[in-house]
Amino acid sequence: MKEKELVMQQFTGTKTVKACRMSRKSAEEIIGRKVRPDSDEIEDECGYLVQYPDGYQSWSPMKVFEDAYRISESHIDRMIIEKEEVEDRYLKGRKFTFTKKFAALNEKQRDLLRIQLDKMESYLYTLCKRIDIEEDLLIDSIGNCCESVRPSLDPVGADGKPAEPLRSKHD
């Protein structure tokens with residue numbers, strides 16, 4: 001019998017999950033089941049325990065997970081992801097403008113794509129500036145915090161002699 005030829009379409013998906021680094025065996029203990037049928041026969045491996053929005057938990061090998069997901073805990077993380085995605089589309093669009101396919105488009109299509117790419121460039125510039133400002137603010141706040149703690153961590157005083165231990169008000 002002749003095999004039926006499948007027509008596969010391309011799909012792009014995005015989902016947000018909660019995850020933490022965990023070995024496969026530790027994840028199996030937490031979720032109460034094997035994540036691979038041959039789990040008992042193979043060595044433990046590093047990966048991530050993954051929890052989906054509906055509460056379902058699974059485990060993913062490290063490379064598979066890290067190829068598919070980026071940390072998005074803070075607004076800075078999310079801006080960086082947005083910048084990288086837009087930058088990738090922008091660069092592909094610019095590259096396309098040097099192809100025969102682009103030249104074959106009608107004038108209106110070419111003009112609209114150029115306008116779109118110009119807007120993307122402005123958006124990228126804005127994202128980069130916002131990220132720079134946010135990272136500077138973060139560094140400043142961490143720096144200021146560390147500056148106030150620094151003397152207690154330094155065993156040598158400014159005069160080169162051993163620093164006096166810090167005493168609380170109650171000493």
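Each value in this text was obtained by applying a stated rule to the coordinates, not by laboratory testing. Computed from a prediction, not measured in an experiment: that's the story for all the values here. Don't worry about glycine lacking a Cβ; one is built from the backbone with ideal geometry, like all the others, and counts go over all protein chains shown.
Ranking of LYS119, LYS101 by neighbouring Cβ atoms within 10 Å, starting from the fewest: LYS101, LYS119. Near the amide H of GLU45, within less than 5 Å, lie the amide hydrogens of ARG24, LYS25, all on another chain or at least 5 residues away, with H placed in the peptide plane.
Eigen-decomposition of the gyration tensor built on the alpha-carbon atoms of the stretch 18-68 gives equivalent ellipsoid semi-axes of 17, 13, 8 angstrom, largest listed first. Placing a label point 7 Å from the Cα of ARG89 along the Cα-to-Cβ direction, the residues of the stretch 54-78 whose backbone N falls under 19 Å of that point are 69-70, 77-78. Spatially, the stretch 117-132 and the stretch 50-104 are offset by 17 Å when compared through their Cα centroids. The fraction of Cα-Cα pairs per 10 angstrom bin, counted from 0 for the stretch 75-151, comes to 17, 33, 21, 15, 8, 4, 1 percent, rounded to whole percents.
A 27 angstrom limit on the alpha carbon distance is what I want to check against. Which of LYS18/LYS63; LYS15/LYS63; LYS95/LYS119; LYS63/LYS119; LYS63/LYS129 exceed it?
Listed pairs above 27 Å: LYS63/LYS119; LYS63/LYS129.
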